[in-house]
Each structure stands twice: as C-alpha cells, then as structure tokens.
Amino acid sequence: MNAGDRLPPLEIPITRTLIVAGAIASRDYQDVHHDPDLAREKGSPDIFMNILTTNGLVGRYITDHFGPRAVLRRVAIRLGAPNHPGDTMVLTGTVEQVDGDTATVRVVGANGIGTHVTGTVTVRVPA
Amino acid sequence: MSGEPDVHEEFEARLKAYEGRPAAVTGVGKDPVNEPMIRHWCEAMGDTHPAYAGPDAVAPPTMLQVWTMGGLSGHPGRAAAYDELLRLLDEAGCTSVVATDCEQEYLRPLRPGDEITFDSVIESVSARKTTKLGTGYFVTTRTDVHADGALAGTHRFRILKYAPAHRRSKPRELRPRPVVNRDNAGFWEGVARHELLIQRCTGCGTLRFPWLPGCNGCGSPDWDTVGASGEGTVYSYVVLHHPPFPAFEPPYAVGLIELAEGVRIVSNVVGVPYDKVRIGMPVRLEFRRYDDELVLPVFQGVTP
C-alpha cells in the first residue's frame, strides 16, 4: 500500500430492503428510514439511508479491500445527497497517507443525484 | 420562526447556552455487545470480514453507535439538557432531524459480552442555517463509549434539526405525457407491457425508430415489430444543468442510446452519477414507473 493508490470502486445498489435492513440492524427507527409517506412530509421525496448504514458500508469497503487482517481505527464521514431507493452508490477510495502499517484513505460515495458521502478512514493492516 | 433578525439572535443565544452541557450521563447500552446483533448488521452491510464471525468474533468497529441506540423504547440515559434543547428546537418548528456527520475513533475492539456505558456532551449548536431540506440548526455531540468501564471509542455526531420545507404543499410535478397517436400507439402499448418495440419494414426489412407511418428506405407503408433485447450503448449524451423543468431535478444525463439492434433512442441514463456517463458506456433497458399513469423505458448504466 502506497500513498496515491486507488481502490477499485464498489457499486452498491440502494434497494429499499438495504435501507430498511440497515436502519433496523442499527436500531434506528426514525420514520424517514422506513416510511415513504412520513419521509415526504418531512421534505424528502422518499425514504433514505441512515448515517449508520453509510458508516458501515464505508467501513466494509475499506476492510474488503485491505483484507482479513485489516482493523479500522477511525471513520469520519459527512453526508450530502441522500441515498434513495432505486439509486446506486459507487464508493471510490484513494490512499492519502501511509505510516508503517497504517493507511489513511479518502473515500467518496457518489449516487445518481450527487455525492452521498465523503470521508476519511484510518485502517491498520498488520503484516 | 419569524423573519426578524434580533428574534433569531436571541433564540440562537438561548441555544448556545447548551454548549458544554451533558447530552447523556452514564447511559447504559440496552444490550451487551452480542453475536446476533453483529450478524444482523453484517448481513445488512454485506460485510463478510472474518474478524466479525466465529468464536473470537469482535464487533465491526463501525457499530460503535449501535450499542448506544435507544431503539423503539427511547433513551433512558439521556440528560435533561439535551431533551430541553431538542424541545426548544421542536417548539421553534424544527421538528425534523437528519444526521450529517459522524466521526468515530476506535480504541479497543468490542467483543460479545461487553457491557456498554456512554457519556455524551453537547459540543456545539450552530447559527440558523437554510438547507435544501429546510431551515434549522446543526447540533454536534461527542460521546465516549465505554466497555466494561474502559474507554473503547469516541463518537462525534452532528444532526440538523430543521423545519421541513413542505414540498407536499405544492402539487407534485408530473413528467410531461407522451403524445400518443395512431402512428405510435403500438409503441406505447409495448411499453405498458414492458416491451421496447422497434418497427420493421415488411417490404425491405429495415428497422426504424422512432415509429413512423412508412419506410424511409423503400417507402413501404407495411410493417411489423421486433422486441429490443434491451442491450445498448451510449452513442451520445448531454448533461442538463439548467434550466430546471418541472418533474426533472438537474443535473441529469440524457442519452442517445444505440440499441444492439442498431436503432437509436433518446432516454435517461440512470443508476450512474450524471458526470460518469460516457460515450460507449454499456447500458441495459429497464422500465421505470414515474407516476400512476406513466411508465418509461430508461437505461441503466452497466459499469464493468
């Protein structure tokens, strides 16, 4: 692993099932993550993915790439365009810095309406 | 919320007074770290990392916040100050909430059986902000998560508490209706059955699209149809940024798709960020329902 390395993209179909399964697995019962009518009343065109699911997917993207020894040390994300059902999010990453067995990776998740997530992940990959 | 600046300033000062006050004092996780919740999470995320399964399993670090969630029965550990702050915002019309930022640091792994406790402080409350969702305030909290008394991770979380910009109050804009006439009715009947029909001249065999009363090649008025296989490539495209049209939210990509059969059709390229559409990109036909009466053939980008 070297600074400047690009990770292969990971494409995640944003299904209604993924949004709801992620919300429930993260114990997040906010109606905007499962009830389309109530989501619309709150100004959103449909339900949208919760931040915990995005966090989990970003973590998975990094450990999928760095392999079974990879240990997440820090995940910092900011959300932009929401992930609505029917969309696809494409995660891409670039290694920004390497310090011994620890890498800092810049992650971007783009969907059909813009940038869903930008973030930085610090991951340790012991030899 | 009124439009007078001094009213906002006074309200913002009241909100600012909550900075530094506790959001949760020794909150207790509803469940200890446990294998079923880890497995359900990994299933939802599609995460097959071997460290998260088996006899020495650790919890995915990104689950940090999950162990502190109130679920359907709420947060018994929540401090009065945080509830007061949220109530103040509710009363100001900021009844909706959306999370915008999450920064987590993981200090030690969490394992099944670990009992979770957490302390949370209100780090900051922003000035009044107007966003696409509505107008409101960003509230940032910082939480220390302990497992069996030892610090396991820290979690900074930012939410927007906002007054929804009621999109529903104006009638939903519908896409324009297709003009259906005797020359193209068969095409739209096909679309209703989720078939994309191409006209074929029965005189000379030439395929044609869009539908026309006669053949441009031999002039014959006789035709039958061929169902498109659904495979195609982007022959050309434009990205529409401006002006916005009702029912369309720019920016979006409009493609001229060359079907495998050789004819071309104009439609949306979906499932690919608008700025990632390229000439030559393989696409596949799908039918999307846009409202009760309108189904359209669109093209899903197929990334290699």
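The values are calculated or read from the model by the stated rules, or taken from the named source; none is laboratory data. The model shown is predicted, which means the values in this text are computed figures rather than measured ones. When we count neighbours, we look across all protein chains shown, and the Cβ atoms used for this are built from the backbone with ideal geometry, even at glycine. Remember, those area values only see protein heavy atoms, side chains included, never the ligands or the DNA or RNA. Shrake-Rupley method; radii C 1.70, N 1.55, O 1.52, S 1.80 Å.
The condition (being over 27 Å from residue B:135 (Cα atoms) and part of a strand (DSSP E or B)) is satisfied by just one residue among A:22, A:56, A:93, A:4: A:93. Residues of the stretch B:129-143 that are in contact (Cβ under 8 Å) with a residue 24 or more places away in the chain and surrounded by 16 or more Cβ atoms within 10 Å (Cβ to Cβ): B:133, B:134, B:135, B:136, B:137, B:138, B:139, B:140, B:141, B:143.
Could you go through the stretch B:165-179 and let me know if any residue there is in a loop (DSSP other than H, G, I, E, B), under 30 Å from residue B:109 (Cα atoms), among the acidic types (Asp, Glu) and open to solvent by 70 Å² or more (accessible area, probe 1.4 Å). Please lay out each step first, then the result.
Within the stretch B:165-179, the first condition is being in a loop (DSSP other than H, G, I, E, B), and the residues that meet it are B:165-166, B:170-179.
Okay, now just the ones that are also under 30 Å from residue B:109 (Cα atoms), so none.
Scanning the stretch B:165-179, I find no residue that is in a loop (DSSP other than H, G, I, E, B), under 30 Å from residue B:109 (Cα atoms), among the acidic types (Asp, Glu) and open to solvent by 70 Å² or more (accessible area, probe 1.4 Å), so the answer is no.
Annotation: residue A:64 fulfils all but one of (1) open to solvent by less than 60 Å² (accessible area, probe 1.4 Å); (2) within 8 Å of chain B (Cβ to nearest Cβ); (3) at pLDDT 95 or above; (4) assigned to a helix (DSSP H, G or I); the unmet one is (1).
Beta carbons closer than 7 Å, at least 6 apart along the sequence or on distinct chains, pair a first residue in the stretch B:20-37 that is in contact (Cβ under 8 Å) with a residue 24 or more places away in the chain and assigned to a loop (DSSP other than H, G, I, E, B) with a second that is basic (Lys, Arg) and surrounded by fewer than 19 Cβ atoms within 10 Å (Cβ to Cβ) for B:33/B:111.
Of the residues B:228, B:150, B:192, which single one is outside the structural domain of residue B:22 (by TED's automatic domain parsing) and over 30 Å from residue B:244 (Cα atoms)? Steps first, please.
Working: B:150 fails: outside the structural domain of residue B:22 (by TED's automatic domain parsing); B:192 fails: over 30 Å from residue B:244 (Cα atoms).
Answer to the check: B:228.
Of all residues in the stretch A:106-119, which are open to solvent by 30 Å² or more (accessible area, probe 1.4 Å) and under 15 Å from the mean Cα position of the chain (by Cα)? Within the stretch A:106-119, A:106, A:108, A:115, A:118 qualify.
Among the residues of the stretch B:74-93, are any in contact with a Ser or Thr (Cβ under 7 Å, 6 or more places away or on another chain), surrounded by fewer than 17 Cβ atoms within 10 Å (Cβ to Cβ) and either on the phi > 0 side of the Ramachandran plot or assigned to a helix (DSSP H, G or I) (or both)? No.
Pick out the one residue from A:95, A:32 that is at pLDDT below 95 and among the β-branched types (Val, Ile, Thr).
A:32
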